């Protein structure tokens with residue numbers, strides 16, 4: 001017990017958060033794997049579509065989380081209180097608008113994505129405002145570097161979604177897609193634990209000084225623009241495949257995407273740690289490129305390991321994770337892993353520059369995201385062609401990010417001199 005206590009004391013809050021992210025990602029993977037095995041490729045296609053919608057939502061809500069995280073570092077007590085009250089209210093109304101739109105167009109979404117039910121979109125839409133509040137709550141803990149509490153919010157959401165969804169599937173005879181959407185909605189309630197309510201005053205009106213308000217708006221719009229780019233790059237392939245291909249092949253591709261994106265989800269852990277560190281270093285006029293390079297090294301090492309594993313043991317990986325029904329997709333596994341690995345590395349660069357209020361990398365990412373969509377829409381004769389188009393687009397994106405980093409470093413050194 002003494003040894004265990006000593007080890008725990010020596011683990012920093014950041015290291016605990018990293019361990020937590022690995023556990024949460026593992027739990028989310030388990031959730032998807034179990035659904036894939038229980039439902040089979042055709043029904044899993046609808047479930048995977050909902051999970052993709054949740055990812056799309058998370059990127060939109062991430063605008064609020066990252067903005068909250070950044071200005072939780074920048075602002076002092078008085079302005080901070082006004083700021084978070086404004087963010088809570090703004091996030092709720094944004095989520096409400098998006099939720100109402102999804103509910104109103106649920107029938108059209110059913111036709112567009114060839115799903116069995118429109119009710120799954122309605123249930124999902126109702127839960128959206130809650131997710132935006134969750135994101136602001138997480139942004140406060142991220143900015144204040146309260147990583148243990150931040151970790152608990154992710155754990156609560158993951159564990160409840162896994163348990164509730166499986167319980168519903170086993171005790172209810174409703175369509176699986178409806179049950180999955182119900183599980184997602186319930187899990188978002190648990191994502192509010194623990195909830196930061198210290199400075200929250202719902203019925204009081206708050207305002208910010210003109211200078212700070214302009215600074216927030218600029219960063220918020222820049223972040224929103226980049227998160228839109230993230231949505232396009234990270235989810236457009238699944239949505240396009242769901243539209244152009246039959247349900248069976250769409251289900252196979254969904255399993256491929258889930259496995260191939262493991263490196264991206266782990267990379268997100270480093271983004272969560274990177275942003276507040278870089279903002280603080282920039283605030284104190286301290287060098288911060290070394291933080292970026294350290295995380296790039298970690299992600300590159302991880303990516304290479306995953307790609308090699310997918311290349312050497314593709315059938316074993318597919319069979320172990322999803323079962324023999326999905327084996328036919330195994331030849332594409334390592335290629336898809338390459339595409340997501342390149343994107344994960346590019347993403348670290350992008351968020352580094354985002355924290356420094358640099359616009360050009362975000363614009364570049366947006367253009368390459370559009371290029372990826374155009375390439376897939378034009379070239380989609382097979383799933384292989386879809387994957388190759390992503391590799392091309394992401395390679396060009398990484399090349400631009402590297403070039404901008406080199407130029408930015410040279411410019412910074414000249415200014416410093």
Exercise for the section: Give the relative contact order (percent, whole number) for the chain; include only Cα pairs under 8 Å separated by 6+ residues. Expected result: 20 percent
Practice task
Could you check which residue among 330, 67, 82 shows the biggest mean-square fluctuation in a GNM of the chain with a 10 Å Cα cutoff?
Solution key: 82
Exercise for the section: Using a Förster distance of 45 angstrom, determine the FRET efficiency expected from the C-beta separation of residue 107 and residue 29, and round it to 0.05. Expected result: 0.90
Problem - Packing rank of 382-393, 285-296, where each peptide gets the mean count of other beta carbons within 10 Å, highest leading - result: 382-393, 285-296
Exercise for the section: Give the relative contact order (percent, whole number) for region 63-179; include only Cα pairs under 8 Å separated by 6+ residues. Expected result: 34 percent
Handout entry: Rough spin-label spacing in nm, given labels placed 7 Å along Cα→Cβ, for residue 167 and residue 409
Key = 5.2 nm
Exercise for the section: Using only alpha carbon positions, build the gyration tensor of the chain, then give the equivalent ellipsoid semi-axes as the square roots of 5 times its eigenvalues, largest first, whole angstrom. Expected result: 33, 26, 22
Handout entry: Sum of -39500 (n - 2.57) over DSSP H runs of 4+, divided by residues of the chain (222 nm, nearest 500)
Key = -29500 deg cm²/dmol
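Each reported figure results from applying straightforward, stated rules to the coordinates on display, with no laboratory input. What you see is a predicted model; the values in this text were computed from it and never measured. In this analysis, Cβ positions are derived from the backbone assuming ideal geometry, glycine residues included, and neighbour counts consider all displayed protein chains.
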